[in-house]
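What follows is a single structure, written as structure tokens, with notes after it.
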Amino acid sequence: MNQRAARIPLLRRSRALAITPRFWKQRLVFWAGALAIGIVSAAFAWLADEAQALFGAAFRHEGWLRYAPLLATPAGFALCAWIAFRFVPASQGSGIPQAIAARHLRDDTERAGFLSLRIAAGKIVLTVLGLLCGASIGREGPTVQVGASIMLQAARWGGMAQARGLILAGSAAGIAAAFNTPLAGIVFAIEEMSKTYQARTNGIVLSAVIIAGIAAIALVGNYTYFGVVAIAAEVKRDWLLVVICGVAGGALGAGFSSAMVSLTRRIRRLRAATPLVRVLAIAAGAGLLVALVGILTGGMTFGTGYAEARSAIEGTPLPATFFLGKLVATLASSLSGIPGGLFAPSLSVGAGLGSTIGSLLGSPIGLAAVLGMAAYFSGVVQAPMTAFVIIVEMTGNHENVLALMAVSMLGYGTARLVSREPLYHALSRLFIADMLRRRRAREAAERTGA
């Protein structure tokens, strides 16, 4: 009798693990979703690069053409904001806060308000259009929302119930495919998106990252985002550089994050009365500020900032005030209401900060730029593990793992003293609050109608 009772749990477990047609359908749809994320991410990267190159070719000239952004950029921002407001209202900004918000919602219809194929398509089109207008934005954050949208749609088609885990997997796959950084995708999902470790969920994340990464590499090849950096930090020579970059980068990143959250809340209240008119006015005003800063810096603050960050990493000093101009342009672009991410511009700001500190201390510019990137990014998102892992993978700079860990932790610790609330989670609460208000209004209308 005891032996028979002992076999019952094993029998149930074997039945639960039985390979059924439904099992294979779910797995095939999941794999197809991860594959689609890799392909879409690679196409998105190509479109974004082409749009930025086209803007540069059109406006980075001498003579009167260098002032053309004063008209083109505000008009482009206003057009992007109008399309987003009218057709894809959940596409504004980075996209990471929307993915985090969707994970906290239980109703599939409400999740669809933040993650859907329509929103993903709008996100891609409007981010590319923003880069075509000179916005200081990146494609990496939007790729998170796109990846999560694709994976959530795959869950619907496959009848899979693990929506929260699949959103996490899609987000991680998006980061991994966007930067060619599989480890950073996994760490980002654990540290920033979920704030927890769950063995089953992370198995799903790992599978999605592998499949999406293979698809992206098959299309664009295996590459290091910023090339390979061979400069190693020396304890006796560079300890002061690590400390200064960590503290300065963390403080500056936290200042950006606090300003972003505070101004976003004020703008939302400002737009409440006459939404469309003020949406367009704010977008055009932000576009004008981006254009002015871009012209004053010789066009260096337009776009993602990838070229400027790479030149600093390769040892070419950036202008001392570049990081401030890029920070202002990124803040204005993010507050304008157009879709676009913070990852690449933040790395550019950090590289500029590190370059300036390195020039003042007489340290190697490439090393200082890499340390500045890790510190500032850690200060902005308050995710130190993601910061140093993503920098190591993007630069191939394994010699500086300990220095990058130290500077990321210093940036994180400093940022926590300035701002207690991580940027993406603070912004996600605004989206959740909007959804809750709509839910209450709908329930009140239903009660009134009844």
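The values are calculated or read from the model by the stated rules, or taken from the named source; none is laboratory data. Source: prediction; values computed, not measured. Methodologically, a virtual Cβ is constructed for each residue, glycine included, from the backbone with ideal geometry; neighbour enumeration extends over all protein chains shown. With ligands, DNA and RNA removed, areas are computed over all heavy atoms of the protein, side chains included. Shrake-Rupley method; radii C 1.70, N 1.55, O 1.52, S 1.80 Å.
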query = So, of the residues in region 37-81 that are open to solvent by 70 Å² or more (accessible area, probe 1.4 Å) and touching a Lys or Arg at 6+ places or on another chain (Cβ under 8 Å), which turns out to be nearest to G170 (Cα to Cα)?
reply = R60
Residue, farthest from Q145 (Cα to Cα), within region 398-411, restricted to residues that are touching a helix residue (DSSP H, G or I) at 6+ places or on another chain (Cβ under 6 Å) and surrounded by 24 or more Cβ atoms within 10 Å (Cβ to Cβ) = A403
Positions within region 288-336 being open to solvent by 10 Å² or more (accessible area, probe 1.4 Å), farther than 18 Å from F59 by Cα and assigned to a loop (DSSP other than H, G, I, E, B), in sequence order = E314, G315, T316, P317, L318, P319, A320, T321
remark   = Only one of I267, I282 is open to solvent by less than 60 Å² (accessible area, probe 1.4 Å), in contact with a Leu (Cβ under 8 Å, 6 or more places away or on another chain) and modelled with pLDDT under 90, namely I267
query = Inside region 53-114, counting only helices (runs of 4 or more DSSP H) that do not spill past its ends, which hold 3 or more residues that are among the β-branched types (V, I, T)?
reply = none
inquiry  = Restricting to region 151-165, and then to whatever is within 11 Å of A32 (Cβ to Cβ) and open to solvent by 10 Å² or more (accessible area, probe 1.4 Å), can you tell me which residue is modelled with the lowest pLDDT?
reply    = W157
task = Of all residues in region 93-109, count the ones that are open to solvent by 20 Å² or more (accessible area, probe 1.4 Å) and hydroxyl-bearing (S, T, Y).
result = 1
task = Output yes when any residue across region 122-140 is out of contact with any helix residue (DSSP H, G or I) (no Cβ under 6 Å at 6 or more places or on another chain), open to solvent by 10 Å² or more (accessible area, probe 1.4 Å) and closer than 30 Å to A284 by Cα, and no when none is.
result = yes
request  = For V392, state whether it is out of contact with any strand residue (DSSP E or B) (no Cβ under 7 Å at 6 or more places or on another chain), over 17 Å from L241 (Cα atoms), open to solvent by less than 40 Å² (accessible area, probe 1.4 Å) and assigned to a helix (DSSP H, G or I).
outcome  = yes
